[in-house]
Amino acid sequence: MGPDSAPGPAVPWQKVLWERQPFPDNYVDQRFLEELRRNEGLRQYRYWAVVNEAGFVGQQLSCVAIFITLWLYMEQGLLSPETLLSTSLVCALLGYGLYQVLTSSGESGCEPRTRLADLQSATIFLSFTFGFSPVLKTLTESVSTDTVYAMSAMMLLAHLVSFPYAQPSPPGSLSLNAALFASVCLASRLPGALHTFAMLSCALLVFALWPCLLQRLRENAPSQFTGVCVGMCVGGVGGLGSQWLGGAVLLALALGSVTLLCPLLLVWLQRHKDNIHGPWDEAEIHEDLSRFLH
Amino acid sequence: MVLKIFFPQCCNRADSGLLVGRWIAGHDSAVVLAVIHYPFIPGQVKQYVQQMQAQSGVELSVLGSWSLPKDGQEGMESFLRDLSTIFPQKCWLQISRQMGKTGFTCNILNRAQNGGAAQQEVTKKKDEEDVKSDGEAGGEEEDKEEEEEKVIFVHYEQRKVMLSQLHPIENGVPDPKTDPPSELRQMFQTVAHSQPLFFLDKYDDGPLKSTHWQSEGREASIIVELLKQASVPLCLLLSCLLSLWTWICNIRIFSLHPLRFLSSKLSTCVQLSYRTQHMRTLSSPKPAAGHTQFMRKANILVSFLVDVALGMLLISWLYRDNHITMLANTLVPAADHVAKELEELLQWLMGAPAGLKMNRALDQVLGRFFLYHIHLWISYIHLMSPFIEGILWYGGLSACLGLTFALSLLSDMVALLTFHIYCFYVYGARLYCMKIYGLSSLWRLFRGKKWNVLRQRVDSCSYDLDKLFIGTLLFTILLFLLPTTALYYLVFTLLRLVVVLFQGVLHLSVDFINSFPLFAVGLRICRSYRLAEGVKFRVLCDEPGTALHLLMELNPLKCSTVVQTYRTPTYSCYPKDSWAALVKKLFVGELIYPWRHKTTKAD
């Protein structure tokens, strides 16, 4: 008896299991496909909105570029650590003020951090970095430069891949740690302990604090957010271009593809989306992989 | 129904008489132990049997009659029949053998049924020429009862069975030919317990004469008896000395913490306490209660004697030709040499060993630290050097207590002389262990996870920014410093392993001498029947229509089983970890064979 075998017309089929029916277990009648629904809850993307969102990815990319640029400047001695430190301090203070303003203008989140806690964190950062910078300076002395570069590149890539672009405000552990690891590796190549300290402070600013500020900006002032993103992208390309032209071109291409081309692709492919929903469980195929191993 | 009669081989040619033995309850079998010859007075026989029964604890009884008529003795039938009325039994065996013919007849008078009239006759013929080897038997059976009854004669060698100890068969399926083991065990016990029965010598002038196994060397047994008597005061003396020794050991000063800890670490002290325990076992003036205890005592005694003999050999070598001075003179330069080699090794490690990329600063710090240690050590050795000969001289005397003591002392001296290596190892391992643990927990932080202690698993966790920052900083530092520490750890672990291996060999040999069951193995080699694992039956005759005729032989115990069963239990110096656990410990940096065992800490 298969599902096609016609039963007597006297008894209508019911989709219940608790009654004994003259049908096989896998029987369904014609009404089965009536409940099929396609593309339920589909969000229709609009191109510029997607570009605006992708701007975050682009600016993170250019953040990494800006950091590398700063490191290049430091390594060649074009930028003194004192300058970098004072600039970072000013930026940090400005950013902190902006952050406080944005927090107070927006809805006050549950249990905001006190000033004292912020000060404590800052002290911990600075003292630890300052204390460890001589150790960090000699850390990779015997490791070859190529290895350090390769490790840094890997880690920065891991940072970009694992960055939580949708919710960056408590920064994702893996992405932040990878970025910090890369910056420690790079900073240990710099000529002096103070260089290392300045570089690490800068890394903290760029990778840990900047995404929090940007996220707050995106939530509370969307129009300024776009402008900041564009500014970051331009700054990243320009900065890299002053040191390494090929890199700047590559970065510009990457930025263009990420912020302009990829959203286009997404919107275009949206038409081909075909999800079906219905009152059934989706079949899960558990392949017995051990079959293939023999 | 099969009636099994265990018949001793020594009674094959005995004169006519009464069969004395035991019916094994629950099994249709009888064990014949001895033949009491004519003429006798039945009352005396009864009294004798009762006396033997009281002495041996075995339910002895008169089983039946045995007749091997000489020439001219005829017409015994009615006499034999009458005998069964004198000794009332449930079953009366009449086994007879014709001198001229090759006949062996067995009549069974069954008085329980039909008022003693039922009779069954089994005729067995047996080859006259060779009693032990396969004989020819022809049997006729007259079935006077409904049930068919057969008789199986199992011939056994009385002396071997009496002296042998039947061991349980290990994981072996019992042979279908053999009887159920419980019956066999009962039979063995019966023969072993009825030793008082065999004391009656055939040259003794007594009212009764009997045939059974008889020892041939009375003189040797007299010497053994004298020795047994003499051992009692010796044991008393020994136990007095032991109690004095125990009293000294229990003085309060020895149970203070540092001394007790030290004595538990020195293998000489361990060996001393172990030997004391052995002596206490030996010196108890009571005879050994059972076979196991007897074997244990004998093993301990023999291994003690061998140990002392080996120690004496060692002493005779040591104190001849100034060997001690030679040893002392080579020991100090050897220690110096080891220290020099270690210094060179450290210098090599402080450079760029094998082209590895070490952290220079840490490398220098560690190298200097260890160099200072070696410097300390060399000074210590040089301070000690005038006394080393004396120490060796007095230490060598310990060999008269046995080779094991000398070996233990050697092990202790090696442990003391390589203390610096142990220290290096501990420092290296601690450092490495800290790094490994730190790295593993920081790696979890790196991935944004943490170890959940309550649920024993890794959970995800959102850390604060400062924790992440400091954690990553430490992670990076530890990761880049790990190769340096790991290399130091590896080198010193290898050195430590060499020392541990040497000490392990010493301890194993001491343990081997202490625990090897020399007496049992010697018994197995010289008197293999003493330790039996079972029996095997050789069919002497199995023709259709005749009774089965079997020869029972003892299976000696396997040598490996002997060693396994009779090993003296010792303090186990065998490694407690498996190889995989050891490798894991080495990898994680836990201490292997530490001097102080950590108490297991609860999670």
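Some notes on this structure:
- Amide H partners (placed H, <5 Å) of residue B:464, local residues excluded: none
- Highest average packing first - A:34-46, B:549-561, Cβ atoms within 10 Å: B:549-561, A:34-46
- Remark: mean inter-chain Cβ contacts per residue of B:460-470 equal 6, using a 10 Å Cβ-Cβ cutoff to other protein chain atoms.
- Overall dimensions of the range B:317-508, expressed as equivalent-ellipsoid semi-axes from the Cα gyration tensor (√(5λ), whole Å, largest first), are 46, 21, 11.
- For residue B:535, nonlocal amide neighbours, meaning residues 5 or more places apart or on other chains whose placed amide H falls under 5 Å from its own, are B:555.
- Per-residue 3J(HN,Hα) values for the range B:268-279, derived from phi via the Karplus relation 6.51 cos²θ - 1.76 cosθ + 1.60 with θ = phi - 60°, read 5, 5, 4, 5, 4, 5, 5, 5, 4, 4, 4, 5 Hz in sequence order (x marks Gly and Pro).
- Computed E for residue A:234/residue A:90 - FRET, C-beta separation, R0 22 angstrom, nearest 0.05: 0.60
- Cα-based helix-to-principal-axis angle, A:193-203 vs chain A, degrees rounded to 10: 30
- Among the residues of the range A:168-186, those with an accessible-area drop of 40 Å² or more from chain alone to full protein complex, heavy atoms and 1.4 Å probe, are A:173, A:174, A:177, A:180, A:181.
- Only DSSP H runs of four or more residues enter the estimate; each adds -39500 (n - 2.57), and after division by the residues of chain A the mean residue ellipticity at 222 nm equals -20500 deg cm²/dmol.
- Order by protection proxy (mean Cβ within 10 Å, highest first), peptides A:134-144, A:184-194, A:116-126, A:74-84: A:184-194, A:134-144, A:74-84, A:116-126
- Legend: mean number of C-beta atoms from other chains within 10 angstrom of residue C-beta atoms, peptide A:115-125, equals 2.
- Sorting B:463-472, B:438-447 by average packing, meaning the other beta carbons within 10 Å per residue, from highest down gives B:463-472, B:438-447.
- In the calculated pair-distance distribution of the range A:62-180, the portion above 23 angstrom amounts to 47 percent of the Cα-Cα pairs.
- For the residues of B:359-369, the average number of beta carbons from a partner chain within 10 Å of their own beta carbon is 2.
- Cα centroid separation, the range B:362-418 to the range A:232-294 (Å): 69
- Cα-based equivalent ellipsoid of chain A: semi-axis lengths in Å, sorted from largest, via gyration tensor: 54, 24, 21
- Global geometry of the range B:241-329, whether rounded, prolate or oblate, following the gyration tensor of its Cα atoms and the 1.5 cut on a/c: oblate
The values are calculated or read from the model by the stated rules, or taken from the named source; none is laboratory data. For clarity, every value in this text was computed on a predicted model and none was experimentally measured. FYI the Cβ positions are ideal-geometry reconstructions off the backbone, even for glycines, and counts take in every protein chain you see. Keep in mind that these areas ignore ligands, DNA and RNA; they rest on the heavy atoms of the full protein, side chains included. Shrake-Rupley method; radii C 1.70, N 1.55, O 1.52, S 1.80 Å.
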